[in-house]
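The values are calculated or read from the model by the stated rules, or taken from the named source; none is laboratory data. Predicted, not measured: the structure shown is a model, and the values here were computed from it. Counting neighbours? That spans all protein chains shown, and the Cβs are built from the backbone with ideal geometry, glycine included.
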Amino acid sequence: MSAAQPLDVQPTPLALLLLGREADPTSERGVECPGDLPAPSDPGLVARARAAKEKLGDRVFVLGHHYQRDEVIAFADVTGDSFKLAREAAARPEAEYIVFCGVHFMAESADILTHAAQQVVLPDLAAGCSMADMAGAEQVAECWDVLTDAGVAETTVPVSYMNSSADIKAFTGAHGGTICTSSNAKRALEWALEKGEKVLFLPDQHLGRNTAVRDLGLSLDDCVVYNPHKPGGGLTPEQLRAATMILWRGHCSVHGRFSLDSVNEVRARIPGVNVLVHPECKHEVVAAADQVGSTEHIIRALQDAPPGSKWAIGTELNLVRRLAHRFAAESEGGKEIVFLDRTVCFCSTMNRIDLPHLVWALESLAGGTVVNRIEVDTETQKYAQLALERMLALP
């Protein structure tokens, strides 16, 4: 028998992207991070980060999202949710560099809201967002064509969650819509329904559904889900005409893991527990919870909770662990805080921002090299900023 000939198999672009060997600059998904990173085991990382940050002084402003690792949060000048951090960046015009320890769409928003001389840096360009990836610009444009053919586009107002790409924010601004956060989604939907008859909610179906049903009193029958992977979104023109909320088929990979079983299990395991979840969770989870709110709401609720109270939190694990440690140490009776689900659930892309990447970014800036700069083109920025300004104008 002759020796087997090697197979001529060429990796696909998608395979190369997933392996981190190719870049997709139009996507939230991973792209390469050039340059040599310090080894994760380097015992001097903390000292190196501190030294680089001190060398940069007021020229750098470090933002840390609540879901970041503790080792990164330790170097943040401000912590918060995505929109709070973007506004904080805009309020620091003296900072030449904004190092955003979060994910790609957050850094885009900071670039949109800061002035042209400021440079926004994302320590790892592979820190994307699976939810933001679920709504591509071409897909949303096709959806609008479907709504136009059904005769409902003129009466539909797009509302896009902050967790979306700059392209989607720009689409929203160009079509008369607004951006929302998990804190002001109710007011954004009220504004949109005062302006039109329907809402196209992008890209998180759960936040849109929960806000419409729980906060506005609509029914589940008033909501339909547009699936961009099916012809016509998987909906008939009649369904589109009858619906009030047209929900994009997107979700958060972290909050989508929580289930009704998670709620029932923790109630059985911890008598008297209060279940507090983020509105990106599924509707049945939100309906079974004691409280529902944004990341900032969760933090405030635990701050205000009585000593000795018990809480099961349905949001990203880094934040839950940080809060559990913080409030367990209270002098007058600590609060018991547990993760809602027994399965560990970090935000995998948020966790890509680690101390080696932060050290590399800070040392590069201190050495005069700007790495991983996030820039939104002028046309996209124009309409995305319009959508953001509409949100800021909401009462």
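Can you tell me which residue in the range 163-183 is nearest to the chain's Cα centre (by Cα), limited to those that are surrounded by fewer than 24 Cβ atoms within 10 Å (Cβ to Cβ) and within 30 Å of Gln291 (Cβ to Cβ)? Filtering the range 163-183 for residues that are surrounded by fewer than 24 Cβ atoms within 10 Å (Cβ to Cβ) and within 30 Å of Gln291 (Cβ to Cβ), the one nearest to the chain's Cα centre (by Cα) comes out as Thr181.
Val159 meets each of the listed conditions (1) in contact with an Asp or Glu (Cβ under 7 Å, 6 or more places away or on another chain); (2) β-branched (Val, Ile, Thr); (3) over 16 Å from Leu240 (Cα atoms) apart from (1). For first residues located in the range 150-176 and within 16 Å of Arg390 (Cβ to Cβ), partners that are at pLDDT below 95 and in a loop (DSSP other than H, G, I, E, B) and lie 6+ apart or on another chain with Cβ distances below 6 Å form the pairs Met162/Thr181.
Cβ-Cβ contacts under 6 Å between residues 6 or more apart (or on different chains), taken from a first residue in the range 219-237 that is at positive phi to a second residue that is modelled with pLDDT of 95 or more, are listed as Gly232/Val146; Gly233/Val146; Gly233/Tyr226; Gly233/Asn227; Gly234/Asn227. Taking the criterion of being in a loop (DSSP other than H, G, I, E, B), of a type outside the set (Val, Ile, Thr) and modelled with pLDDT under 85, the residues of the range 335-374 that qualify are Arg342, Cys345, Phe346, Cys347, Ser348.
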